[in-house]
Structures are given as structure tokens and as C-alpha cells.
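Asker: Below you will find the structure I want to go over with you.
The values are calculated or read from the model by the stated rules, or taken from the named source; none is laboratory data. None of the values given here were measured: they were computed from a predicted structure. Here the Cβ is made from the backbone with ideal geometry for all residues, glycine too, and neighbour counts use every protein chain on show. To get the accessible areas, we keep the full protein, side chains included, count just its heavy atoms, and leave off ligands, DNA and RNA. Shrake-Rupley method; radii C 1.70, N 1.55, O 1.52, S 1.80 Å.
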Amino acid sequence: MNYYNEIKNKLIDDEIYSKVKDYSKEKHTLITHYEVGKLLLEAGSAYGEDIIGNYSNKLKVEVDKKYNPRTLRRMRQLYQFFEKQKWSPLGTKLSISHIRQLFSLTDNNEINYYAKQIEKRNLSKRQLEEIIKNGEYERLPLETKNKLMFNDEIEVKDLIPNPILIKNKNNTEIITEKALHHLILEDIESFMKELGNSFSFIGSEYKIKIGDRNHYIDLLLFNIKYNCYVVVELKVTEFKVEYISQVQKYMNYIDKNIKEVSNNSTIGIVICKRKNSFVIEYCSDDRIAVREYELV
């Protein structure tokens, strides 16, 4: 086989296709780069690693100067990535730029997680880069990772990371719950995205009346996908037993007085400075997620 001519013809075809067609350009280019990557790997096995440089010198003259050694290596890497994941370039909905963001990852479960998030959340390249940088998958509870691995049913609280990253652009000193509360409200949209997908904001210091006393829920959210209210309580100390009973009280109130019959049961999130796994083990409630926070 004349590997060079095969590669040259495929790249020329893709150049022509990209100028003529107004649709499916990305898919055609992805398949072309995959096929060229395969040919480069085979050619390298037959003639040595220098084949990349030799082919690049000719392609830059005969096709386009953008086909430098780095570009050809990335095509080969693209093919190897697909083969390792046992993916088909015909089946994927991901763009080349998305896929290249996944190259640095070695855990197949982590790769599959981010690939699904790209489709579910319609992530841009920049958004994908950000959640990978922030270690979104790494911060998921182990139980959640196991559920994802075995395609078990996922609940709202499963996808809430630990720790929860809270932006602190001005390096505000956080020593009170009020200060933490204010910091979150400064960028509430970012905070809700950090919790997971499909959260919407209902209220801050949401007022409820139990008996003859007023109480204030730090944050009341609603998850559209899971069709339920979410009570969020903020603490700047280590987790304590009484936090669970406080959130349970608020959740029960919402379920009895605010949620509609069509809504699912309310869940709770306690966000604290430090978890205490020993205490949590003996006072846990399956409806409540306890997470630490980290200022970034």
C-alpha cells in the first residue's frame, strides 16, 4: 500500500468537502482524521517514526501548510484513543475539540462520564475544559462512581460533588454562615452548576413558619430533572448531629406545605467546613447529602 497517497487523497477530499458542504463538516473531518490516524500508525510500524516528518513535509506543499508533524501526531492519537475506548467515529456525537480534551485522561470510567456530560449538558470545549480542570468526576462519591459504572439508577444527591467548589474571587474571609451565604449569592448560577444539572433558584433565607416561630432556609432550590425541591443549609464548622434534624424539619415542612402532589419528595444538602464520617454513619438520612465546601 502507498500510505502517503492514501493519506494525501483523504485530506484533499476533506478540504474539498469542507468548502462545498454546509452540514456534517465536523463529522466528515472526524472520520477523515480517524482514518488518516490509522494509516499513519500502520505506516509508522512499517517504515519507522520518521514517517510523520517525511509525510508532513510533502503534505504542507501538496495539500496545505497546516499539516505539520504535530497535526499528524494528533490524528494518530485520535485513532488510538478511539481504539482504546472501543468507540466508533460514526457513532459519536462529540466534536474533535471535545475529544482532544479527553486525551489526557487515563481512566475509562472518567472518560465515559465526561463524554456523557458533553451530550447531556451541551458543553462547549471551554466548559468541558473547566469541569475536567476542577476534577468534577474525581469529586463524585465512590458510591456514585459505582452506580455510573454499572448503569444503576442515579438520584439527585448522587451527582453532588465533594467538596463543593465555591468561587471566592476577592479572597473574602469566611468565618460566619452569613459571609458564606453572601459569597454564594454573588454567583448563584455558578454554585447551582457546581451542585449538578437542572437546578433552579427558588429563594434565599426562605421564610417558613413552624408553630409560632419563623425559620429561614438558607437556600431553597428546585431540581427540574428530578422534579423535587432541594433544601440547602450552610455551616462553617465541622458537621454536627443536629444539622440533620434541622434539615429534616425543613424538608418535612416543604413536603407538607409547598410541594405539589406531582412533585417528588424534597431532598436536603448540608454544606459544611468538614465532614465527620463517624457521626454521619450513625445519623444519616438517605434523603440528605452532606458535603464539604472549598473556596477557590
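Asker: For the stretch 153-164, what are the residues that are surrounded by 12 or more Cβ atoms within 10 Å (Cβ to Cβ) and without any contact (Cβ under 8 Å) to a residue 40 or more places away in the chain?
Answerer: Residues satisfying the conditions are ILE154, ASP158, LEU159.
Asker: In the set SER95, SER190, which member is more than 30 Å from GLU42 (Cβ to Cβ) and open to solvent by less than 40 Å² (accessible area, probe 1.4 Å)?
Answerer: Details: SER95 fails: more than 30 Å from GLU42 (Cβ to Cβ).
Matching residue, one of SER95, SER190: SER190.
Asker: Just to verify a result, which residue in the stretch 138-151, among those that are assigned to a loop (DSSP other than H, G, I, E, B) and modelled with pLDDT under 95, is least open to solvent (accessible area, probe 1.4 Å)?
Answerer: Going through the stretch 138-151, the residues assigned to a loop (DSSP other than H, G, I, E, B) turn out to be 138-141, 150-151.
Checking the rest, the ones that are also modelled with pLDDT under 95 come to 141, 150-151.
Numbers: PRO141: 36, PHE150: 137, ASN151: 121 Å².
The extreme case among them is PRO141.
Asker: On the basis of being closer than 22 Å to PHE201 by Cβ, at pLDDT below 95 and β-branched (Val, Ile, Thr), does VAL296 make the cut?
Answerer: Details: closer than 22 Å to PHE201 by Cβ: yes; at pLDDT below 95: yes; β-branched (Val, Ile, Thr): yes.
When the stated conditions are applied, VAL296 passes them.
Asker: Against the definition (within 25 Å of PHE199 (Cα to Cα), part of a helix (DSSP H, G or I) and either hydrophobic (A, V, I, L, M, F, W, C) or more than 16 Å from the chain's Cα centre (by Cα) (or both)), how does ILE111 come out, yes or no? Can you show your working first?
Answerer: Working: within 25 Å of PHE199 (Cα to Cα): yes; part of a helix (DSSP H, G or I): yes; either hydrophobic (A, V, I, L, M, F, W, C) or more than 16 Å from the chain's Cα centre (by Cα) (or both): yes.
So ILE111 fits the description; yes.
Asker: Please tell me if LYS167 is surrounded by 18 or more Cβ atoms within 10 Å (Cβ to Cβ), basic (Lys, Arg) and modelled with pLDDT under 95.
Answerer: Working: surrounded by 18 or more Cβ atoms within 10 Å (Cβ to Cβ): no; basic (Lys, Arg): yes; modelled with pLDDT under 95: yes.
No: the conditions fail for LYS167.
Asker: If you scan the stretch 119-137, which residues turn out to be among the hydrophobic types (A, V, I, L, M, F, W, C) and at pLDDT 95 or above? Break it down into steps so the answer makes sense when it comes.
Answerer: Initial filter on the stretch 119-137 (among the hydrophobic types (A, V, I, L, M, F, W, C)): 123, 128, 131-132.
Once the filter is applied, which keeps residues that are among the hydrophobic types (A, V, I, L, M, F, W, C) and at pLDDT 95 or above, the stretch 119-137 yields LEU128, ILE131, ILE132.
Asker: Of all residues in the stretch 153-164, which are at pLDDT below 95, assigned to a loop (DSSP other than H, G, I, E, B) and out of contact with any Leu (no Cβ under 9 Å at 6 or more places or on another chain)?
Answerer: Passing the criteria: GLU153, GLU155.
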